[in-house]
Amino acid sequence: MRRADESQRNKSLDSGIAEMEELPVPQNIKISNITCDSFKICWDMDSKSKERITHYFIDLNKKENKNANKFKHKDVPTKLVAKAVPLPMTVRGHWFLSPRTEYTVAVQTASKQGDGDYAVSEWSEIIEFCTGDYSTVHLTQLLEKAEVIAGRMLRFSVFYRNQHKEYFDHVREAQNNKMLLSVKDNSGSHGSPISGKLEGIFFSSNTEFNTGKPPQDSPYGRYRFQLPAEELFSPKTNLYFADFYCMYTAYHYVILVIAPKGSSGDEFCKQRLPALDIANNRFMTCSEDEDGRLVFHHAQDLILEVIYTDPVDLSLGTVAEISGHQLMSQSTVNAKKDPSCKTCNISVGR
């Protein structure tokens, strides 16, 4: 490694860092065990002067900033200074890490001197990686937060789905009367494991407090498909908690997934989402009354977004025009979660 010119050397000394030729440069950097807020990192090093290494400097940046100039050691908090420990080293819980985010990382080896300065190696090559989704542990934290504000349970009897007239015409004419699955959009928590991955059909179940019936307004279209709740939700289905979020308003949303047992959607959710007892949870229940008939309840103080993971035939219900307004401002399509809300955020990013 060539010694830096005098001006560069003075810059290093000004920042408390000196350069030393003997320190090995990290090679063949490998990232593994990636989660939504942690990863393991390791690399190869020349054994020469390896025993002199006291610290590692890890330059962690969001990918869009990868062309920025390297910063001084003491100026920017996205540089991690870690004591030299056996590799691989785990980086966990750093404030800079968010789920589903692309990062770049580079490494220096360093030797702390008696006067507090550091001798450092050259920077390694830059490696790119992407953090993962929320795990079931993180989703359970969201679930517990949602339970706090769920409120009392109200009875309901139908699921419904609003769309434009052209949508239902297309279902009849081109899809053999079946509503087909589509991939979940990116609304809600940034770390949600279903966004952009789970296929399903969006339904609502909320009712008006004073009538016990679905509201006549909708942000999604003036035509509504409505069917009895038991057609989608029964002991033959599993229920999963998927997300809890808000959109800079007082309203909070919970996303639930109903999956027929043994279906591909059910297998997807089993691996990624907390399962709920269909007869005993704080969000939406299906239970039997004294006569053996199924009865259904939903949480009063949350807006439930229900995803059903199998195609649905229009013959199971009816399509009719609603009498209310199309409230576009309430649409949650690709809606971004408010990262500052203390009610629905957890500490591992947004």
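Summary table below
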| item | result |
| --- | --- |
| Region 305-326 - residue that is assigned to a loop (DSSP other than H, G, I, E, B) and surrounded by fewer than 17 Cβ atoms within 10 Å (Cβ to Cβ) and, of those, modelled with the lowest pLDDT | His325 |
| The one condition in (1) more than 15 Å from Leu304 (Cβ to Cβ); (2) surrounded by 14 or more Cβ atoms within 10 Å (Cβ to Cβ); (3) modelled with pLDDT of 95 or more that Gly191 fails to fulfil | (3) |
| Candidates Ser195, Ser111, filtered to the one that is of a type outside the set (A, V, I, L, M, F, W, C), touching a Ser or Thr at 6+ places or on another chain (Cβ under 9 Å), farther than 23 Å from Ala320 by Cβ and outside any loop (DSSP other than H, G, I, E, B) | Ser111 |
| Qualifying positions in region 280-298 - surrounded by 12 or more Cβ atoms within 10 Å (Cβ to Cβ) and closer than 17 Å to Glu230 by Cα | Phe283, Met284, Thr285, Cys286, Ser287, Leu294, Val295, Phe296, His297, His298 |
| Candidate set: region 197-227, residues that are open to solvent by 50 Å² or more (accessible area, probe 1.4 Å) and either free of Cβ contacts under 8 Å to residues at least 60 places away in the same chain or among the charged types (D, E, K, R) (or both); chosen: the one farthest from Gln163 (Cα to Cα) | Asn210 |
| Any hit, region 22-43, residues being at pLDDT below 50, open to solvent by 40 Å² or more (accessible area, probe 1.4 Å) and closer than 23 Å to Asp115 by Cα | no |
| Pair list, Cβ < 8 Å and 6+ apart or interchain, from region 300-321 residues that are in contact (Cβ under 8 Å) with a residue 24 or more places away in the chain to residues that are among the hydroxyl-bearing types (Ser, Thr, Tyr) and surrounded by fewer than 17 Cβ atoms within 10 Å (Cβ to Cβ) | Ile303/Tyr251; Thr309/Ser263; Thr309/Ser264; Asp310/Ser263 |
| Breaking point among (1) within 16 Å of the chain's Cα centre (by Cα); (2) at pLDDT 95 or above, for Asn280 | (1) |
| Count of region 156-181 residues which are closer than 19 Å to Thr309 by Cβ, in a loop (DSSP other than H, G, I, E, B) and hydroxyl-bearing (Ser, Thr, Tyr) | 0 |
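The values are calculated or read from the model by the stated rules, or taken from the named source; none is laboratory data. Because the structure is a prediction, the values reported are computed rather than measured. Neighbour counts run over all protein chains shown; Cβ positions are idealised from the backbone, glycine included. Just so you know, the surface numbers come from the protein's heavy atoms only, side chains and all, with ligands and any DNA or RNA stripped out. Shrake-Rupley method; radii C 1.70, N 1.55, O 1.52, S 1.80 Å.
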